[in-house]
Amino acid sequence: MAISDQHKIFMVMSYYRNGVKEDGTWQYSIGLCMEEFREEFPDFAVEYTQFRQTLNVSSKNFQENGSVTRKAGSGRPKKRTPELIEEAREVMEETPGTSIRHLSQQLGLSVGTCNTLLKKDLHLFPYRLTSDNRLSSKS
């Protein structure tokens, strides 16, 4: 089960709440935080390594952004931009029989990206015309 934002918020709050100041430095316990998390969410199973990694990333995000979620636009950049989708639409309207390989060469994209673009964005699906060789009965 995926860890929700509600879980992440509770993790970070518990982590900082259980901190102890020793010799002028703060010491935080992941173990105490995990115990408190299991008491609050008894039906939610999470392994220690996944808990630790999520807590580290969430607390880092909280310190940098003031939120446990990622910054907007921090993911991988998309190749399927609206301009490329429109360009692919124009190519397919001009020559509907264009193969995905030729389309990828024209647009400068990979075959996989063009396939995804055609299916998900343009709702076009590849097919191949086949001839049906029927036997006719002699009269």
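Could you put THR54, THR49, THR69 in order, starting from the residue whose Cβ has the fewest other Cβ atoms within 10 Å? Numbers along the way, then the final one.
On the way: THR54 17, THR49 8, THR69 13.
Ordered from fewest to most neighbouring Cβ atoms within 10 Å, THR54, THR49, THR69 come out as THR49, THR69, THR54.
For the chain, the tally of Lys pairs with Cα-Cα distances below 29 Å comes to 14, considering only residues 8 or more apart or on different chains. The charge dipole of the chain, taken about its Cα centre with unit charges on the Cβ atoms of Lys, Arg (+1), Asp and Glu (-1) only, comes to about 680 debye.
Please compute the net charge surrounding GLN63, taking Lys and Arg as +1 and Asp and Glu as -1 over other residues with Cβ under 15 Å from its Cβ. Show your work: numbers first, answer last.
On the way: positive: LYS8, LYS60, ARG70, LYS71; negative: GLU64.
Net charge in that neighbourhood comes out at +3.
Work out the length of the dipole vector of segment 44-100 about its Cα centre, built from +1 on the beta-carbon of each Lys and Arg and -1 on the beta-carbon of each Asp and Glu, and round it to the nearest 20 debye.
On the way: 9 positive and 8 negative charges, 115 e Å.
In total the dipole reaches around 560 debye.
Relative to the longest principal axis of the Cα atoms of the chain, the long axis of helix 48-65 lies at roughly 90 degrees.
Computed from Cα positions, the angle between helix 30-40 and the longest principal axis of the chain comes to roughly 80 degrees.
Calculate the dipole size of segment 5-65 relative to its Cα centre from +1 charges on Lys and Arg beta carbons and -1 charges on Asp and Glu beta carbons; express the result in debye to the nearest 20.
Numbers: 6 positive and 10 negative charges, 37 e Å.
Dipole about the Cα centre, nearest 20: 180 debye.
Summarising the label geometry, the points placed 7 Å from Cα in the beta-carbon direction at ASP132 and GLU87 lie 4.0 nm from one another. Here the Debye sum runs over all C-alpha atoms of segment 34-139 as equal scatterers in vacuum, and log10 of I(q)/I(0) at q = 0.14 Å⁻¹ comes out as -0.76. Summarising the label geometry, the points placed 7 Å from Cα in the beta-carbon direction at GLN105 and TRP26 lie 6.0 nm from one another.
Normalised by the number of residues in segment 5-65, what is the relative contact order in percent for Cα pairs under 8 Å and 6+ residues apart?
Values: 36 pairs, mean separation 20.7, N = 61.
With pairs under 8 Å counted, the relative contact order is 34 percent.
The length gained by stretching the chain between ASN65 and TYR48 to full extension, at 0.36 nm per residue less their Cα-Cα distance, is 3.6 nm.
Throughout, read-outs are computed from the coordinates displayed, never taken from laboratory work. Since we're looking at a predicted model, the values are computed, not measured. Positions of Cβ are generated from backbone atoms using ideal geometry, with glycine treated the same way; all protein chains shown enter the neighbour counts.
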